[in-house]
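The structure under discussion appears below in the form of structure tokens.
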2 protein chains.
Amino acid sequence: MQFIEDANKQALEIMQTAQPTLVGMGIAKDVVPGMHKKLVMHAGPPITWDKMSGPLRGAVIGGLIYEGLAQTPEEAETLAASGEIEFDPCHHHNAVGPMAGVVTASMPVFIIENKTQGNFAYCTQNEGLGQVLRFGAYGPEVVEHLKWMEKTLYPILKEALEIHGPIDLKNLIAQSVQMGDEVHNRNKATTSLFIREMASSIVKTNSSREDQVKVFDFLNSNDHFALNLSMPAAKATMDPVGKVKHSTVVYTMCGNGTEFGVRVAALGDRWFTAPAEIIDGLYFPGYSMDDANPDIGDSCITETMGIGGFSMATAPAIVQF
Amino acid sequence: MQFIEDANKQALEIMQTAQPTLVGMGIAKDVVPGMHKKLVMHAGPPITWDKMSGPLRGAVIGGLIYEGLAQTPEEAETLAASGEIEFDPCHHHNAVGPMAGVVTASMPVFIIENKTQGNFAYCTQNEGLGQVLRFGAYGPEVVEHLKWMEKTLYPILKEALEIHGPIDLKNLIAQSVQMGDEVHNRNKATTSLFIREMASSIVKTNSSREDQVKVFDFLNSNDHFALNLSMPAAKATMDPVGKVKHSTVVYTMCGNGTEFGVRVAALGDRWFTAPAEIIDGLYFPGYSMDDANPDIGDSCITETMGIGGFSMATAPAIVQF
């Protein structure tokens, strides 16, 4: 059908001409459309509290404690189940989140503009490894780390970005894919290129030497840091595709830990979901598929754009979790 | 012949078990064996002033001015031709130098130890692009930049290394080769990994913020920076091979811009030379082989160790000169 072919040609052109650019940072409630104090954004298609899997529930609990809406996990669970909290996919707010993908009002986000189409995408800063919210951890050290990211990492990176000016993420990712990243599970080159590009601007910020040391140590310790740049770059690339009438291109793929969902351009905002699958992948020693939660996260927005798993063949190894 | 096979097996084992490690920095006259105020070390096999090509002569002139042994290029030429200056290959002093490879007494050098064999190798800091000594430029801006490298870059990197501790270059290079570097003409990944690894230690040094900014900007501007780490890593790996009796392994390959020379383990320190060839490579627009100097530099120590050109097939592109 010619009109479908034409639509898909247009979709492809939108993807290929996209210019996702890191233009700044902000606090979610100030910059993410529709964000408010009692909204918890999450990965994947829409889901209610009662259907959420353990990791997503854990991240919601951590998010509510981080926001000061609850003091204890029990309080948070009660609040989450009360109907007072709104849950909505990141994807409904031009955002994406890795794993549980929980974003709350006070969290800092990267602001990515697709310069070709003028649309924006948002993503939090990557937390690093170990006990982290995105895997459903919500202990005091998780919340404390999120606070450090809000009070120290974010102001320094935000100011450094203002000093540096926008960063062309398409260029950055194009280079790093040639350096073995597939930018979903391996983000080592992207992270490295980002650090060296930002280094002198970080030193120029109005921050203490001690905090700069912590920022550099944190960035260097976390090869996934740039995942939270490649994901919104892909999101900013794909969102305009979702507006191409009659196109059969899938512009969203994501999981909430219970269901996996896709959206197709021609069918607009409608979600098509199915039970999320258990990943047949690499597990920590002593663990197997029997221990695993069904697939969760918005990070396959990278595959939606055509890289990630599709360029895994040239990636030497995925990096450590 | 069994004794040759045994010797070559031993040579290969020395290469494969080498652990080249960046252990510190120092000033050439303090750390490089045999260095003295009136010695100019150069790339390639031995050569006298009258046989030197333009680029090597230019670098010698710049080196003598940098050392304060001459005030003008004319004075430097007269001095160089007088017999008062000793010329000797870097390779005779456990050192290597890219292109002209000129090393003089005051120049800072990286100190690399092969932890397996206990031997050391030395190399100056890479100057970056544009008008630089290693291509034979000797104008005031070249000497000024060398002074900045001695007075600002070196003390900061030296102190940062002391704070950081030794860096396993074999590990660094193994990673970067998997990230598309061949570590002779492409050193982008190695340079990037080095910067991120050193960043927090650089911030910790007792130096001004302004100088730290300049150091980060310089490192980020120069994708060849890590060439001057991969070269001495290869040198530290190959030097012990040169002591394996009866081995037919070539442990040195290098050019001085007039002659190309090799050394073979079984034949000890003896040089075998032939006229250096004109490179059939990529030239700046408007230039061709007709404009070129014969091959110069110690950097094919990387090929001597087995990477460089031999791993070029997996390198996406060589970086900008």
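Numbers below:
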| item | result |
| --- | --- |
| Any hit, segment B:24-34, residues being among the hydrophobic types (A, V, I, L, M, F, W, C), open to solvent by 50 Å² or more (accessible area, probe 1.4 Å) and closer than 23 Å to residue B:237 by Cβ | no |
| Qualifying residue in segment B:53-60 (condition: in a helix (DSSP H, G or I), touching a residue at least 40 places away in the same chain (Cβ under 8 Å) and more than 18 Å from residue B:146 (Cα to Cα)) | yes |
| Segment B:82-95: number of residues that are among the small types (Gly, Ala, Ser) and open to solvent by 20 Å² or more (accessible area, probe 1.4 Å) | 2 |
| Segment B:151-178: number of residues that are within 12 Å of another protein chain (Cβ to nearest Cβ), touching a Leu at 6+ places or on another chain (Cβ under 8 Å) and open to solvent by less than 10 Å² (accessible area, probe 1.4 Å) | 1 |
| Filter result (of a type in the set (Gly, Ala, Ser) and in contact (Cβ under 8 Å) with a residue 60 or more places away in the chain) within segment B:199-221 | B:221 |
| Scope segment A:219-260; condition assigned to a strand (DSSP E or B), out of contact with any His (no Cβ under 7 Å at 6 or more places or on another chain), open to solvent by less than 30 Å² (accessible area, probe 1.4 Å) and of a type outside the set (Gly, Ala, Ser); matching residues | A:251 |
| Which numbered condition residue A:123 misses (of (1) part of a strand (DSSP E or B); (2) surrounded by 24 or more Cβ atoms within 10 Å (Cβ to Cβ); (3) in contact with an Asp or Glu (Cβ under 6 Å, 6 or more places away or on another chain)) | (3) |
| Members of segment B:186-201 that are buried (at least 22 other Cβ atoms within 10 Å of the Cβ), more than 8 Å from chain A (Cβ to nearest Cβ) and not in a loop (DSSP other than H, G, I, E, B) | B:190, B:194, B:198 |
| Meets criteria (crowded, with 19+ Cβ neighbours inside 10 Å and touching a Ser or Thr at 6+ places or on another chain (Cβ under 6 Å)) for residue B:98 | yes |
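Per-residue answers, yes or no, for (1) in a strand (DSSP E or B); (2) exposed (fewer than 15 other Cβ atoms within 10 Å of the Cβ); (3) away from chain B (no Cβ under 14 Å):
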position	(1), (2), (3)
A:263	yes, no, yes
A:273	yes, no, yes
A:279	no, yes, yes
A:282	no, yes, yes
A:285	no, yes, yes
A:294	no, no, yes
A:303	no, no, yes
A:309	no, yes, yes
A:317	no, yes, no
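The values are calculated or read from the model by the stated rules, or taken from the named source; none is laboratory data. Since this is a predicted model, take the numbers as computed values, not measurements. When we count neighbours, we look across all protein chains shown, and the Cβ atoms used for this are built from the backbone with ideal geometry, even at glycine. The accessibility values were calculated without ligands, DNA or RNA, using every heavy atom of the protein model including side chains. Shrake-Rupley method; radii C 1.70, N 1.55, O 1.52, S 1.80 Å.
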